[in-house]
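Quick notes on the structure that follows.
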Amino acid sequence: MNWSAIASIFLAVAVGLGAFGAHGLRDKLDAYSMDVWNKAVFYHFIHGLGMLIASLMPRTSPVSEYACWALAAGILIFSGSLDVLAVTGVRTLGAITPIGGLCFIAGWLLLAWHFIGPGAKL
């Protein structure tokens, strides 16, 4: 899997979504929904950068690949559900948002495991 390319695409989409929110949704969403949209874009962008970093790490183990999968899942589930929530107002989508958050946490913990390395002592 070419995670560097996927991460770059995720980052480009994050910039596009941010611009769309600032220019296309500003007058259409209330303050709460705009805040939800901005939070989704922020997390999307930060975790896209995490994916890019993980994709550039040496492939000494499959852990960085797993981290990329987890971060990608987090972007799609966490940020995606918040994007849809902001635009539609369907609050039941908020029920799946924490699953995306858990994916983010798993991705960062997998990266920590990668950096610690096999046999390393904390």
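The values are calculated or read from the model by the stated rules, or taken from the named source; none is laboratory data. All figures in this text were calculated on a predicted structure; none of them were measured in a lab. FYI the Cβ positions are ideal-geometry reconstructions off the backbone, even for glycines, and counts take in every protein chain you see. To get the accessible areas, we keep the full protein, side chains included, count just its heavy atoms, and leave off ligands, DNA and RNA. Shrake-Rupley method; radii C 1.70, N 1.55, O 1.52, S 1.80 Å.
Note on residue 53 and residue 19: the model spin-label points, each 7 Å out from Cα along the C-beta direction, lie 2.6 nm apart.
Kirkwood hydrodynamic radius (Cα pairs, Å) of the chain? Numbers along the way, then the final one.
Values: mean 1/r = 0.0669 Å⁻¹.
After inverting the mean inverse Cα-Cα distance, the result is 15.0 Å.
In this structure, residue 39 and residue 112 have a Cβ-Cβ separation that, at R0 = 41 Å, corresponds to a calculated FRET efficiency of about 0.95. Take the chain, connect every pair of alpha-carbon atoms lying under 10 Å apart with a spring to form a Gaussian network, then pick out the residue of 76, 109, 49 with the largest mean-square fluctuation. Looking only at 76, 109, 49, the biggest GNM fluctuation is shown by 109. Based on protein heavy atoms only, segment 7-122 ends up with 56 Å² per residue of surface accessible to a 1.4 Å probe. Qualifying trypsin sites (Lys or Arg not before Pro) in segment 1-86, where qualification requires a DSSP coil assignment and no more than 16 other C-beta atoms within 10 Å, comprise 26, 28, 59.
Filter the chain for me: DSSP H helices, axial length by Cα at least 18 angstrom, mean Kyte-Doolittle hydropathy not below 0.0. List them by residue number. Intermediate results must be reported in sequence, preceding the final value.
Values: long enough: 3-23 (30 Å, 1.64); 31-55 (36 Å, 0.66); 97-116 (29 Å, 1.60).
Those that pass (Cα extent of 18 Å or more, hydropathy at least 0.0) are 3-23, 31-55, 97-116.
How compact is segment 36-79 by the rule of thumb for globular proteins, expressed as Cα Rg over 2.2 N^0.38 Å? Numbers along the way, then the final one.
Working: Rg = 11.2 Å, N = 44, 2.2 N^0.38 = 9.3 Å.
That works out to 1.21 for segment 36-79.
For the pair residue 9 and residue 91, label points projected 7 Å from Cα toward Cβ lie 3.5 nm apart. Ligands, DNA and RNA left out, the 1.4 Å accessible surface of the chain is 73% carbon and sulfur atoms.
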